[in-house]
Structures are given as structure tokens and as C-alpha cells.
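To start, the structure itself, in C-alpha cells.
What follows is calculated from the coordinates using simple rules that are stated; it is not laboratory data. Just so it is clear, the model here is predicted, and its values are computed rather than measured. Reconstructed Cβ throughout: ideal geometry from the backbone, glycine too, with neighbour counts over all protein chains shown.
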Amino acid sequence: MTARAADATIHASAVLVGSRAVLIRGPSGSGKSRLAFDLILAGRAGVIAPTQLIGDDRVHLSAVDGALVVRPAETLAGLLEVRGLGIRRLPFASQGPVVLVVDLDADDGTRLPAAAALEATLNGVKCPRIPVGTGFAALPLVMAALTTNPSTV
């Protein structure tokens, strides 16, 4: 039997990269949809594993057997806002295990963040986190996190 904690709906976007989900949080206008679309384009270009939208604007989080799982909000499934073009329909994944949390416009987004800043706990599940400071490009950081191993220096 699968142990599942109660769902929480949050203001965020999520993209499935291969079999792993990236959860993107941040205040309104911080670029969540833009980063989601940039990741989808990178997947289509073959720069990273194949990608699919999970959800934009609102997603559901649940803890399942010690993993954090993200699903689209039913009424928004397959919809992504592209600034300047409006709402667009895309193929979407029904869920994915969150392996990375990206916080846009984060107060603790620095050149070399403290170890505590590189982790988030959501629904009781710890996940790697990237705090991205205001005005910094998130895509290169996320791509590096998805395609490289942390330094052991």
C-alpha cells in the first residue's frame, strides 16, 4: 500500500525532465512560466533529457512513500502562459517526482549559497534547492544542476 500525505496546492510551475520533476516557485512575475518554457525548449532541442510540462501557475504536491510528487491543477492541466502571446496548450505529464526546487527572486540567492540554502523541505520531504537571486538567469543554474555532479572539493 502506498503511504500518501494530504495534497497541498501551491503557486508554482513544474516540468518533467526525463523522469524527474523540477518545481519552480517564486512571486508573481518572477519568471516561473518562462523558466518552465525554457526547460521545455531545451528538452526539445536535445540539450537536456526530453521534457514535458507538468503544470503552470498552480500545482498539487503530495508526499508518497517518502518522495515529493507534483501533479498539475486539474483546471490548468496542459496550459502555459507565454508572456506576450497569452495562454498556450502543450502536452503535459500527469505527475513527477520532484528532485529539484528552484526559488526565483530568492533573498538567499548568492554566488556561493550556504549549505542550508541548498535544501527545501516540502510536505516533510527534503529536496535539493536552487535559490536564484533577483535579476539572475535561472536557466543556466538549473541546466548545470541537472547535467553535472556537485563538486566534492
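Check T121, T75, T51 and return the single one that is polar (S, T, N, Q) and under 14 Å from L35 (Cβ atoms).
The match here is T51.
Just to be sure I understand, how many residues within segment 109-149 are in contact with a helix residue (DSSP H, G or I) (Cβ under 9 Å, 6 or more places away or on another chain) and either crowded, with 16+ Cβ neighbours inside 10 Å or farther than 20 Å from V15 by Cβ (or both)?
So the count comes out to 11.
Checking S19 against (1) closer than 21 Å to P131 by Cα; (2) touching a residue at least 60 places away in the same chain (Cβ under 8 Å); (3) not hydrophobic (A, V, I, L, M, F, W, C), which test does it fail?
With respect to (1) closer than 21 Å to P131 by Cα; (2) touching a residue at least 60 places away in the same chain (Cβ under 8 Å); (3) not hydrophobic (A, V, I, L, M, F, W, C), S19 is out only on (1).
When you scan segment 122-141, do you find a residue that is aliphatic (A, V, I, L, M) and within 25 Å of E74 (Cβ to Cβ), even just one?
Yes, segment 122-141 has at least one match.
Could you check how many residues of segment 97-119 are part of a strand (DSSP E or B) and on the phi > 0 side of the Ramachandran plot? Walk me through how you get there before you give the answer.
Narrowing segment 97-119 to residues part of a strand (DSSP E or B): 97-104, 119.
Cutting the leftovers down to on the phi > 0 side of the Ramachandran plot gives us none.
Matching residues across segment 97-119 total 0.
So H60 clears everything in (1) touching a Leu at 6+ places or on another chain (Cβ under 7 Å); (2) surrounded by 15 or more Cβ atoms within 10 Å (Cβ to Cβ); (3) not aromatic (F, W, Y) except one condition, right? Which one?
(1)
For segment 79-93, give me each residue that is surrounded by 11 or more Cβ atoms within 10 Å (Cβ to Cβ) and either touching a residue at least 40 places away in the same chain (Cβ under 8 Å) or closer than 11 Å to A14 by Cβ (or both).
L80, E81, V82, L90, F92, A93, listed by residue number.
Identify all residues within segment 120-153 that are among the small types (G, A, S) and assigned to a helix (DSSP H, G or I); write none if there are none.
Filtering segment 120-153 down to residues among the small types (G, A, S) leaves 120, 124, 133, 135, 137-138, 144-145, 151.
Once the filter is applied, which keeps residues that are among the small types (G, A, S) and assigned to a helix (DSSP H, G or I), segment 120-153 yields A138, A144, A145.
Quick check: anything in segment 40-51 under 13 Å from the mean Cα position of the chain (by Cα), surrounded by fewer than 18 Cβ atoms within 10 Å (Cβ to Cβ) and in contact (Cβ under 8 Å) with a residue 40 or more places away in the chain?
no
Residue by residue through segment 121-153, note down the ones that are within 18 Å of D107 (Cβ to Cβ) and among the polar types (S, T, N, Q).
Correct list: T121, T134.
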